[in-house]
1. What number goes with the only condition from (1) surrounded by 11 or more Cβ atoms within 10 Å (Cβ to Cβ); (2) more than 28 Å from the chain's Cα centre (by Cα); (3) at pLDDT 95 or above that residue 43 does not pass?
2. For residue 221, which of the numbered conditions (1) touching a Pro at 6+ places or on another chain (Cβ under 9 Å); (2) assigned to a loop (DSSP other than H, G, I, E, B); (3) not aliphatic (A, V, I, L, M) fails to hold?
3. Going through the range 72-84 one residue at a time, which ones are touching a Gly at 6+ places or on another chain (Cβ under 9 Å) and surrounded by fewer than 22 Cβ atoms within 10 Å (Cβ to Cβ)?
4. Between 107, 88, 93, which is within 17 Å of residue 318 (Cβ to Cβ), among the small types (Gly, Ala, Ser) and crowded, with 21+ Cβ neighbours inside 10 Å?
5. Give the residue, chosen from 295, 232, that is within 18 Å of residue 85 (Cβ to Cβ) and more than 15 Å from the chain's Cα centre (by Cα).
6. Looking at residue 234 and the list (1) part of a helix (DSSP H, G or I); (2) within 25 Å of residue 337 (Cα to Cα), which single condition is not satisfied?
7. Within the range 301-329, how many residues are part of a helix (DSSP H, G or I) and surrounded by fewer than 21 Cβ atoms within 10 Å (Cβ to Cβ)?
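The values are calculated or read from the model by the stated rules, or taken from the named source; none is laboratory data. Since we're looking at a predicted model, the values are computed, not measured. Cβ placement follows ideal geometry from the backbone for every residue including glycine, while neighbour counts extend to all protein chains displayed.
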Amino acid sequence: MTEKPSVLYSEYIIDGMPRALTPARMLEECSSGPAGHAPARKPEPIIDETLDLAPSTYIFDPARMDAYLGETCARAGEERCCPVHFAGSHTCGRIARALIDALWMTGHFRLGDLTLRAEWRWDAAPIGNMAAFYDSVEAAAAYIDALGLRLKGYAVTKGPCQIAFKASTTAEEEVPDDEEEGFFRELPFRTEHPRIGRKRKCPAVLQPEASDWLIYIPFDSCEFRLGGSVLSEAEDARSALAPDIADADYFIDCYEVVRELVEDGVVKAGATVCDGGMLTALKLMAAGGTGADISVSDIVKAYNEKPVRVLFAEVPGVILQIADIDYDYVDAELLLQDVVYFPLGHPVPGNADLRVAHEEKTGLSSILESLLYTQTSEGED
């Protein structure tokens with residue numbers, strides 16, 4: 001199962017404190033497969049320390065939104081290295097992305113029908129890397145367990161620090177492309193027989209209908225933070241805090257209602273919000289030649305947040321395109337499940353540009369609201 005089992009079965013001493021569980025023990029407790037084989041000889045303990053992030057006075061400039069978008073889109077599709085200072089948050093984000101990516105596929109399944117495969121590629125040499133590896137495994141085990149899911153398998157190999165997850169039902173239940181359409185049409189769907197296809201149920205690019213609505217649904221209740229994000233890496237900003245992706249119950253609620261909308265054909269186009277944040281996902285949706293005219297003022301107001309964080313923080317979520325006639329139905333379904341959503345605006349056929357409006361609070365309103373809300377200082381902007 002692993003190329004380097006010692007890092008899984010070793011005891012860890014981090015920052016002078018012994019850790020109670022080995023990585024193998026944590027992963028096996030949330031796995032559905034057989035336990036791995038421990039080495040014959042007990043490995044030496046791994047002793048490491050958590051590296052502190054160097055302070056930064058970097059300030060993100062709202063006037064550079066286009067430049068920021070260019071940097072995040074240029075990195076779209078690249079294999080990302082794990083930001084070791086934010087290994088736990090990054091790991092939970094990888095899990096959320098794998099599950100949301102599966103959400104768009106054909107078939108009949110719910111979140112609880114899915115399993116995950118995990119792979120860590122890791123460079124054990126630099127100081128701080130093994131502390132980050134332990135943090136990553138610990139976060140993965142806790143998040144997967146909170147979601148009520150199981151690991152189908154996991155592996156650790158040598159290489160640059162990267163983490164990948166893949167969601168599926170069982171391999172026997174995946175349907176080949178040439179058989180998929182008829183198979184799903186004829187199958188009497190039941191929850192005890194979940195199926196996931198290999199094709200998307202809805203396209204990933206915007207459809208040219210100006211009256212349609214674009215809505216944004218964050219799948220976690222965490223704050224918008226830029227630590228560990230593509231933008232922070234591109235700008236070498238060393239942002240101090242990452243999104244605290246941990247609200248598994250809310251993720252489940254969001255997933256179930258959106259999955260039903262996808263299966264029912266209500267979603268005309270959909271995209272996963274992850275690497276690069278919301279604006280990057282929307283820009284990639286415009287790759288088909290249809291752009292969008294959107295506003296994030298409601299999100300800025302709801303979270304009392306800065307627009308650059310709202311647009312580029314990597315809080316897991318989705319962007320959906322729905323027909324105007326379905327808006328009230330979608331609104332009712334989301335409200336029924338207590339799922340927060342934000343109308344962004346409308347597609348713009350024939351023009352792949354994005355026009356983004358936002359409203360950042362200033363003056364008296366900011367002073368008054370500072371008395372009502374407790375802000376956490378990040379030291380990032």
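1. (3)
2. Among (1) touching a Pro at 6+ places or on another chain (Cβ under 9 Å); (2) assigned to a loop (DSSP other than H, G, I, E, B); (3) not aliphatic (A, V, I, L, M), the lone unmet condition for residue 221 is (1).
3. 73, 75, 76, 83
4. 93
5. 232
6. (2)
7. 9
Here is a yes/no grid of residues against (1) outside any helix (DSSP H, G or I); (2) surrounded by 22 or more Cβ atoms within 10 Å (Cβ to Cβ); (3) not small (Gly, Ala, Ser):
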{"residue": "244", "(1), (2), (3)": "yes, no, yes"}
{"residue": "251", "(1), (2), (3)": "no, yes, yes"}
{"residue": "256", "(1), (2), (3)": "no, no, yes"}
{"residue": "260", "(1), (2), (3)": "no, no, yes"}
{"residue": "265", "(1), (2), (3)": "yes, no, no"}
{"residue": "270", "(1), (2), (3)": "yes, yes, no"}
{"residue": "275", "(1), (2), (3)": "yes, no, yes"}
{"residue": "279", "(1), (2), (3)": "no, yes, yes"}
{"residue": "284", "(1), (2), (3)": "no, no, yes"}
